[in-house]
Amino acid sequence: MTHVRVRIAPSPTGPLHIGTARTALFNYLYARHTGGTFVLRLEDTDVARSSEAFERDILDGLHGLGLTWDEGPAVAGLDERGPYGPYRQMARLPLYAEAAERLLAADLAYPCYCTPQELETERRRQKAAMEPPRYAGTCAPLTREQRAARAAEGRPAALRFRVPPGTVAFDDIVRGHVEIDTAALGGDFVLVRADGTPLYHFTVVVDDAAMDITHVIRGEDHLSNTPKHILLFRALGHEVPAFAHLPLILNPDRTKMSKRKSQTAVDDYVAQGFIREALVNYLALLGWSTGTEEEILPLDEIVARFDLSAVNRAGAVFDRDRLEWLNGQWIRRLDPDDLAERLLPFLEAEAVVGAIDRIPALDEVRAIIPLVQERLPVLGAIGDLVGFLFVAEPPLDPALVIPKRWDGATTVSGLAAARDAIESNGQVAFDAEGLEATLRALAAAHDWKAGDLFMAIRVAVTGRTATPPLFETLVALGYERTLARLARACDLVRSASPT
Ligand code: GLU
Ligand code: ZN
């Protein structure tokens, strides 16, 4: 068996995209499952649109998801790793120049002197004639003398690949047998621009060949590029790797996932409190499944069970609700102390925007984990859920304090009676069971529905109708604050609804 070598080749022209993360994951899974090598290579030849900040975002994002590579480039804080470097294309220009020379010398590629205007005129003619765009092959038959004459005129030359007639066929691991007539490839294509810039089709193949990549696992949007790549591998005298094209990720309306219709940056999900366990689990299910109903799988188990040939062909709809559900499931499975630590930055963020008055200490966060662990779809929901614990007084709408079946006067009596009952029990009995018994007895004695009394208390002390369980919430709030907030709500309702 050959040693598997796979790669992810992101262009640092934007933040880490969900699609790139999914491609990285599937390469990682295949490498880890087979004991192979996972390479990260930066395709940074689009100098105008590439940036170091995007490089960082992509690499940090992948690391944050737990996707580590075996070979890759140097970025701030990280040394280059691996014997096939450099791992960024801008540092590999001499290799492309050398490969270009070889193809030119073997007449597998030729210089094209067509000016942009000439190419544009031809394109317009084709469009008017309803023909598909293709390079007309003007420079393909030029003799050595004709080339020399054009060069002498000072015409810059691009390098074009001579597309041979015939068909290209390959067996894609996901899509099965693919066959295409090379006549459909749009004519001889440019490998190196007249200004010397090598283009994607060329660099990707030179690099995959030089890095001994055995399996090219990438998005289906690249399927139409593959015949060109296969022709280039052959021209370079290199064995053609296996290909696996992953299904497209779709918006809910089944169009290709786009920024306009879906949130696409991995960072944004992380910032909202999607945790890496859930993200990785969800990304794995975008195109792959165990073949069973099982959905909640940790990364190491996915690695163990992953099978490239089990990847679906059908497009995978990105369903945010399902991701949220999965995220909630994963949050429940976290160790409580770990969850507390992961929540702290989100509470800090709440404090920064003024939604809470102070940043709680880690111990305080640990203490409320039983209240929140089963109720967080995302970590970022923590402020909404228990922010009332960390403010001096929550904003209170008196109308909201009055339960549907009650009026202002009943609410005032209910809250006052609850306050008195809690106070007469004293601080020692201030626990969830004691509170529940006391308040149920109080409701019964007044012939109130317990639910109404509890709702009035809930809103009185938190300002909200939906909170963690009431009695645990009161305990978290503490004896003094519970009494104070009940008294305050009582006053507010009384003055808002004079009898
Ligand atoms: N830079 C390309 C991309 O991010 C790489 C494509 C490939 O894997 O060949 O889409
Ligand atoms: Zn030409």
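Only the coordinates and a few stated rules stand behind these numbers; no lab work does. Owing to the predicted nature of the structure, the values given are computational and were not obtained by experimental measurement. Every residue, glycine among them, receives a Cβ derived from its backbone with ideal geometry; neighbour counts consider all protein chains shown.
Of the residues G137, G66, G61, G82, only one is surrounded by 12 or more Cβ atoms within 10 Å (Cβ to Cβ), touching a residue at least 40 places away in the same chain (Cβ under 8 Å), among the small types (G, A, S) and within 16 Å of ligand 1 (Cβ to nearest atom); which? Please lay out each step first, then the result.
On the way: G137 fails: within 16 Å of ligand 1 (Cβ to nearest atom); G66 fails: within 16 Å of ligand 1 (Cβ to nearest atom); G82 fails: within 16 Å of ligand 1 (Cβ to nearest atom).
Being surrounded by 12 or more Cβ atoms within 10 Å (Cβ to Cβ), touching a residue at least 40 places away in the same chain (Cβ under 8 Å), among the small types (G, A, S) and within 16 Å of ligand 1 (Cβ to nearest atom) holds for just one of G137, G66, G61, G82, which is G61.
When segment 176-210 is examined, which residues are found to be buried (at least 21 other Cβ atoms within 10 Å of the Cβ), more than 15 Å from A109 (Cβ to Cβ) and not charged (D, E, K, R)?
V204
Select from segment 151-203 the residues that are among the basic types (K, R) and either away from ligand 2 (no atom under 15 Å from the Cβ) or in contact with a strand residue (DSSP E or B) (Cβ under 8 Å, 6 or more places away or on another chain) (or both) and list them in ascending order. Don't jump to the end; show me each part of the working.
Kept after step one, since they are among the basic types (K, R), are these residues of segment 151-203: 155, 160, 162, 175, 193.
Answer for segment 151-203, where residues must be among the basic types (K, R) and either away from ligand 2 (no atom under 15 Å from the Cβ) or in contact with a strand residue (DSSP E or B) (Cβ under 8 Å, 6 or more places away or on another chain) (or both): R160, R162, R175, R193.
Residues of segment 264-294 being surrounded by 15 or more Cβ atoms within 10 Å (Cβ to Cβ) and part of a loop (DSSP other than H, G, I, E, B), which ones?
T264, G273, F274, I275, L285, L286, G287, W288, S289, T290
Can you say whether V163 is more than 16 Å from ligand 1 (Cβ to nearest atom), in a strand (DSSP E or B) and over 20 Å from L93 (Cβ atoms), as far as the supplied structure shows? Step through it out loud before you land on a result.
Values: more than 16 Å from ligand 1 (Cβ to nearest atom): yes; in a strand (DSSP E or B): no; over 20 Å from L93 (Cβ atoms): yes.
No.
For segment 30-54, which positions are aromatic (F, W, Y) and more than 16 Å from D300 (Cβ to Cβ)? Explain how you work it out, then say what you get.
Kept after step one, since they are aromatic (F, W, Y), are these residues of segment 30-54: 30, 38, 54.
Scanning segment 30-54 gives a single hit, F54.
In contact (Cβ under 8 Å) with a residue 60 or more places away in the chain and within 13 Å of ligand 2 (Cβ to nearest atom): does that describe A109?
Details: in contact (Cβ under 8 Å) with a residue 60 or more places away in the chain: yes; within 13 Å of ligand 2 (Cβ to nearest atom): yes.
Yes; evaluated as a whole, the condition is true for this residue.
Which condition does F388 not pass, out of (1) touching a Pro at 6+ places or on another chain (Cβ under 8 Å); (2) surrounded by fewer than 15 Cβ atoms within 10 Å (Cβ to Cβ), if it passes all the others?
All conditions pass for F388, except number (2).
Across segment 455-470, what is the number of residues that are crowded, with 20+ Cβ neighbours inside 10 Å and part of a helix (DSSP H, G or I)?
8
Of all residues in segment 345-383, how many are of a type in the set (D, E) and in a loop (DSSP other than H, G, I, E, B)?
Keep residues of segment 345-383 that are of a type in the set (D, E), which gives 348, 350, 357, 363-364, 374.
Going one step further and asking which of them are in a loop (DSSP other than H, G, I, E, B), we end up with 357, 374.
Number satisfying all stated conditions: 2.
Go through (1) touching a strand residue (DSSP E or B) at 6+ places or on another chain (Cβ under 7 Å); (2) hydroxyl-bearing (S, T, Y); (3) surrounded by fewer than 19 Cβ atoms within 10 Å (Cβ to Cβ) and name the single condition Y28 misses.
Going through the list (1) touching a strand residue (DSSP E or B) at 6+ places or on another chain (Cβ under 7 Å); (2) hydroxyl-bearing (S, T, Y); (3) surrounded by fewer than 19 Cβ atoms within 10 Å (Cβ to Cβ), Y28 breaks only (3).
Somewhere in segment 254-263, is a residue touching a residue at least 60 places away in the same chain (Cβ under 8 Å) and not polar (S, T, N, Q)?
There is at least one residue in segment 254-263 that is touching a residue at least 60 places away in the same chain (Cβ under 8 Å) and not polar (S, T, N, Q).
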